[in-house]
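The values are calculated or read from the model by the stated rules, or taken from the named source; none is laboratory data. What you see is a predicted model; the values in this text were computed from it and never measured. When we count neighbours, we look across all protein chains shown, and the Cβ atoms used for this are built from the backbone with ideal geometry, even at glycine.
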Amino acid sequence: MSGIYDLELRNIVKRFDGAAAVNNLSLGVYRGEFLSILGPSGCGKTTTLRLVAGFETPDSGEILLKEKSVADVPPNKRDVNTVFQHYALFPHLSVYDNITYSLRIKGRPKQEMRARAGEMLEVIDLVGLEERFPHQLSGGQQQRVALARALINKPTVLLLDEPLGALDLKVRKRMQFELKRIQRTLGISFVYVTHDQEEALTLSDRIAVMNRGILEQLDAPARIYNHPQTRFVLDFIGSCNIFSGSVTQANGRDITVAAPHGMQLRARSPFAASQGANVSIGVRPERITLSESQGAGNSFAGVVTDAVFQGALCQLKVRLDNGCELDVLLQPSESAEVNARRVPGQKVWASWSDDNSIVVSA
């Protein structure tokens, strides 16, 4: 990625029937970046994509492509292309004709069409299948044809609206890596809309998490997961045990929080939290360790109530003696013998360090 924006949104507002679908949204997409817009249904992510494509007009704010406003540029003149969940391939046209359709409409020479189609077929790994028709292709192959058709004009930005949603899980996983490979090969900026957290974490250089039209956090995947900045992001991204309470002791960034069920939780806060401040503390299931004796840091006695074997991982439910229930995920590094002993009814101590307590303002 370069430090230059291919796409920039400045204070975008879009309302429908008086309600803000997008509320004062500002973000930039760097040249060559894979940026995902992630959020639940109704958060404004698809509306944002439609605004960039020109299918909707913002009530206020600016949209810039390569630092030029596209306010008065119609959708068919904007240097963007869109790939939807439903590929909309022409069933009566071959792979080659589907890919080169836009070039043919523009009257480009046949030699140029052959050269650019050949390049696209190499990129999407479908060389030799150019004479087949859509019904002769798998779902993943059809998706790659739709990508090639959108990319053959080399747009500044490619917009993707949940393009893998119609694929089964195995093909979807494979296509995630294909998408990233294609994006890196071509160096085109991708803006990818999804509600699938794992997909966003896998594909993205950065993730924009949206909630009710508002940008909650824009950051690298690892920081979104390990350092969420709001209660919504903490709760929405991945699985997390969350406790809310007030700060009873504060020594610099080291704090103690009084949580429900009489729990006193220790944490290292990323911000200065004064005594009496309301905060939420999260701990990821994979950060909790189980042992037969009390551990250091935050350590609570309890009993295993459920255990689900997931191959390399084992997911547990632990009910603490104070009545609180924890989700725990045993890591592959724990031996199979230890995993086998984690059975319902076993008494354990659930522990995690202060550093593994994620603190956000309530």
(message) Among the residues that make up segment 40-57, is at least one of them outside any helix (DSSP H, G or I), among the β-branched types (Val, Ile, Thr) and surrounded by 15 or more Cβ atoms within 10 Å (Cβ to Cβ)?
(response) no
(message) Just to check your reading of the model, which residue among Ser69, Ser138, Ser102 is modelled with pLDDT of 95 or more, surrounded by fewer than 19 Cβ atoms within 10 Å (Cβ to Cβ) and over 18 Å from Phe34 (Cβ atoms)?
(response) Ser69
(message) Please verify whether Pro109 is buried (at least 16 other Cβ atoms within 10 Å of the Cβ) and either more than 27 Å from the chain's Cα centre (by Cα) or at negative phi (or both), treating the condition exactly as stated.
(response) no
(request) For Gln217, state whether it is in a loop (DSSP other than H, G, I, E, B) and not charged (D, E, K, R). (result) no
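Table: residues versus (1) in the same structural domain as Asn322 (by TED's automatic domain parsing); (2) surrounded by fewer than 22 Cβ atoms within 10 Å (Cβ to Cβ); (3) not in a helix (DSSP H, G or I); (4) not hydroxyl-bearing (Ser, Thr, Tyr).
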| residue | (1), (2), (3), (4) |
| --- | --- |
| Gln176 | no, yes, no, yes |
| Thr185 | no, yes, no, no |
| Ile207 | no, no, yes, yes |
| Gln249 | yes, yes, yes, yes |
| Leu265 | yes, no, yes, yes |
